[in-house]
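Visitor: This is the structure I have questions about; it appears just below.
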Amino acid sequence: MSVTVRAATADDASALHDVAAATFALACPPGTTQADINDFVSTHLSIERFAQYLSDADRELFVAVDGDFLGYTMLVYAEPSDADVAAALTVRPTVELSKVYVLPSQHGAGVSSALMAATMDAAHGRGVAAVWLGVNQENGRANRFYEKHGFQVVGTKKFLVGDQWHDDYTRERVF
Ligand SMILES: CC(C)(COP(=O)(O)OP(=O)(O)OC[C@H]1O[C@@H](n2cnc3c(N)ncnc32)[C@H](O)[C@@H]1OP(=O)(O)O)[C@@H](O)C(=O)NCCC(=O)NCCS
């Protein structure tokens, strides 16, 4: 079955949680504890949280499906609250890509690029000047992927998982 990318709907909260729970740990550096991962997923990526995200006018979510759910992206239209990010970004208005998560069976298969293309189209359509994201500095695959899609490193930031602070790059793609 071919892969389709579409805007997520209110009915997708449970499937989004399932994909997030299966992929979040892949974005964390070695040594991240399972307890911290579980804490992050239950705090930020639960079915209830996705239901909130899906009903938030300042967020847009996209899913890749082939019958099953394969991956998702989320855009957050807000001025960044992190002072390091706010200082590093070069243009406004901006939107956070938070982020690209695809099941391992689909890595390297074009699903992530299809999600990225649809997500960038949506951001561009809302009139922002740029898109930014944070990515763990040790996540080589994701950094290469974002580099390929035009996201340049403009700074660094901290990212809290459980009670551990992780080191991210802040990346920005200016339209
Ligand atoms: C990050 C993600 C969306 C990228 O999608 P993908 O389909 O794997 O990406 P692609 O295969 O198109 O590109 C990955 C690139 O990284 C390269 N790569 C793979 N492993 C690598 C590593 N350890 N270090 C550096 N580059 C690596 C690949 O060769 C490829 O580059 P190429 O096209 O020049 O050969 C996907 O891997 C994913 O969902 N990962 C788990 C969750 C995650 O980390 N999300 C990002 C959170 S910020």
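Visitor: What are the residues in region 7-19 that are farther than 12 Å from Leu70 by Cβ and either charged (D, E, K, R) or not in a loop (DSSP other than H, G, I, E, B) (or both), if any?
Guide: If the condition is that a residue be farther than 12 Å from Leu70 by Cβ and either charged (D, E, K, R) or not in a loop (DSSP other than H, G, I, E, B) (or both), then Ala7, Ala10, Asp11, Asp12, Ala13, Ser14, His17 are the ones that fit.
Visitor: Hey, another quick one. Among Phe24, Phe40, Phe50, Phe69, which is the only one that is touching a residue at least 40 places away in the same chain (Cβ under 8 Å), more than 27 Å from Thr156 (Cβ to Cβ) and of a type in the set (Phe, Trp, Tyr)?
Guide: Residue meeting the stated conditions: Phe69.
Visitor: Restricting attention to region 95-112, which residues are more than 22 Å from Asp82 (Cβ to Cβ) and either more than 10 Å from the ligand (Cβ to nearest atom) or in a helix (DSSP H, G or I) (or both)?
Guide: Pro104, Ser105, Gln106, Val111, Ser112 - these are the residues of region 95-112 that are more than 22 Å from Asp82 (Cβ to Cβ) and either more than 10 Å from the ligand (Cβ to nearest atom) or in a helix (DSSP H, G or I) (or both).
Visitor: If Pro29 satisfies every condition in (1) in a helix (DSSP H, G or I); (2) more than 24 Å from Ala122 (Cα to Cα) but one, which is the exception?
Guide: The single condition Pro29 does not satisfy is (1).
Visitor: Looking at region 95-111, I want the residues that are within 17 Å of Val131 (Cα to Cα) and have a partner that is β-branched (Val, Ile, Thr) and near the ligand (Cβ under 7 Å from one of its atoms) with Cβ atoms under 9 Å, at least 6 apart or on another chain. Which pairs are those?
Guide: Matching pairs, first to second residue: Lys99/Val135; Tyr101/Thr23.
Visitor: Now, a different point. Among the residues of region 67-94, which ones are in contact with a helix residue (DSSP H, G or I) (Cβ under 6 Å, 6 or more places away or on another chain) and away from the ligand (no atom under 15 Å from the Cβ)?
Guide: Pro80, the sole residue that qualifies.
Visitor: Can you tell me which of Arg126, Arg144 is charged (D, E, K, R) and near the ligand (Cβ under 8 Å from one of its atoms)?
Guide: Selected residue: Arg144, the only one of Arg126, Arg144 that is charged (D, E, K, R) and near the ligand (Cβ under 8 Å from one of its atoms).
Visitor: If I ask for residues that are outside any helix (DSSP H, G or I), among the charged types (D, E, K, R) and either under 15 Å from the mean Cα position of the chain (by Cα) or at pLDDT below 95 (or both), which ones from region 113-166 would you list?
Guide: Once the filter is applied, which keeps residues that are outside any helix (DSSP H, G or I), among the charged types (D, E, K, R) and either under 15 Å from the mean Cα position of the chain (by Cα) or at pLDDT below 95 (or both), region 113-166 yields only Asp163.
Visitor: What residue, among those in region 113-123 that are of a type in the set (A, V, I, L, M, F, W, C) and away from the ligand (no atom under 13 Å from the Cβ), is nearest to Ala78 (Cα to Cα)?
Guide: Applying the filter and picking the extreme gives Ala123.
Visitor: So which residues in region 90-106 are within 18 Å of Val174 (Cβ to Cβ) and among the β-branched types (Val, Ile, Thr), if there are any at all?
Guide: Selection gives Thr90, Val91, Thr94, Val95.
The values are calculated or read from the model by the stated rules, or taken from the named source; none is laboratory data. Not measured: the values here are computed from a predicted model. Cβ sites come from the backbone with ideal geometry, for glycine too, and all protein chains shown count toward neighbours.
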